[in-house]
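K.L.:
My structure is below; once you've seen it, I'll send some questions.
The values are calculated or read from the model by the stated rules, or taken from the named source; none is laboratory data. Every value quoted in this text rests on a predicted model; they were computed, and no experiment measured them. Heads up, the Cβs are rebuilt from the backbone with ideal geometry, glycines too, and the neighbour counts pull from every protein chain shown. Please note that ligands, DNA and RNA were not included when accessible areas were found on the heavy atoms of the full protein model with its side chains. Shrake-Rupley method; radii C 1.70, N 1.55, O 1.52, S 1.80 Å.
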Protein chains: 2
Amino acid sequence: MNMTDLARTPKQIGSLIRRTRKNLGWSQTQLGEKAGLRQETVSLIETGKPATKLETLLAILAALNLEFRIARRSKGQASDIEELF
Amino acid sequence: MNMTDLARTPKQIGSLIRRTRKNLGWSQTQLGEKAGLRQETVSLIETGKPATKLETLLAILAALNLEFRIARRSKGQASDIEELF
DNA sequence: TTATTTTATGCGCTATATCTAATATTGACA
DNA sequence: TGTCAATATTAGATATAGCGCATAAAATAA
């Protein structure tokens, strides 16, 4: 993954989670165990369920050694540098 | 806010949302209108409710012109640069 | 192919997020 | 100090997340 991966939608978030999990060679069940979730729940989130609970998502990210960052919206990486407000 | 603000917990996320909203000079009601949510819901999220739904959070971030990024966990900004997997 | 693992989907259940609506509390400012 | 806007809180209703458990479907390996 990139330094920070843009994940604007639940589907993008799910894809990123799946990609990271596979890079680690883990199954959904293994990830679920580490995150305290069921395999089915991991499946739904990777598929891009929009109504996932924040705490559930955070548990998965933590298990994958990932974290949130929040940034100003930008079409490209460049505007990351601007300070708009 | 910084280029990308770390928001590891619901409380941190809520604080960041509140700070951004105030910088824009918006009330919770105004933000709620733009995000399709009620003032009370905005209040709960800014307070750091952990079980907020992802779609709700995304609606608020979008209204504030913010977005997610997902990054590898790091104690400081530095490890952002590493490519671990 | 067949066997095995992995992922997706189904039902019933409990917990809870957000809603509508009202109200209490807090904060800002004259 | 008082008035008004902003925020927090409450109560009831609706929708749905994630659970347990089971199983189907899909992918992978032998």
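K.L.:
Quantify how strongly other chains surround peptide B:8-14 by giving the mean number of their Cβ atoms within 10 Å of each of its Cβ atoms.
P.N.:
Across the residues of B:8-14, the mean count of other-chain Cβ atoms within 10 Å is 3.
K.L.:
Trypsin sites (Lys or Arg not before Pro) within the stretch A:12-44: which are DSSP loop residues with at most 13 other Cβ atoms inside 10 Å?
P.N.:
A:ARG38
K.L.:
What is the mean number of Cβ atoms from other protein chains located within 10 Å of the Cβ atom of each residue in peptide A:47-59, rounded to a whole number?
P.N.:
Average per residue, whole number: 5.
K.L.:
Something else: Tell me, what is the percent relative contact order of the stretch B:4-81, built from C-alpha pairs under 8 Å that lie six or more residues apart?
P.N.:
Averaging sequence separation for qualifying contacts and normalising by length gives 31 percent for the stretch B:4-81.
K.L.:
Can you pull out the buried accessible area for chains A and B, both sides counted, probe 1.4 Å, rounded to the nearest 100 Å²?
P.N.:
4200 Å²
K.L.:
Nearest to the axis that maps chain A onto chain B: list the chain A residue whose Cβ wins, with the distance in whole angstrom.
P.N.:
Closest to the rotation axis on chain A: A:ARG69, 2.
K.L.:
Could you pull the copy-to-copy label distances for B:THR9, with points set 7 Å along Cα to Cβ, in nm to one decimal and sorted shortest first?
P.N.:
When each copy's label point is compared with this one, the spacings are 3.3 nm.
K.L.:
Right, another one. Rounded to two decimals, what is Rg over Rh for the stretch B:6-67 when you use alpha-carbon atoms and the Kirkwood radius?
P.N.:
0.91
K.L.:
While we're here: Counting only other residues whose beta carbon sits under 12 Å from that of B:LEU61, what net charge do I get with K and R as +1, D and E as -1?
P.N.:
+4
K.L.:
Counting Lys +1, Arg +1, Asp -1, Glu -1, what net charge surrounds A:LYS49 among other residues with beta carbon under 12 Å of its beta carbon?
P.N.:
0
K.L.:
Something else about it: Every other copy gets compared here: list the nm distances from the A:SER43 label point (7 Å along Cα to Cβ) to its counterparts, shortest first, one decimal.
P.N.:
4.1
K.L.:
Figure the gain on full extension for B:LEU44 and B:ARG73 (residue separation times 0.36 nm, minus the Cα-Cα span) and round it to one decimal in nm.
P.N.:
7.8 nm
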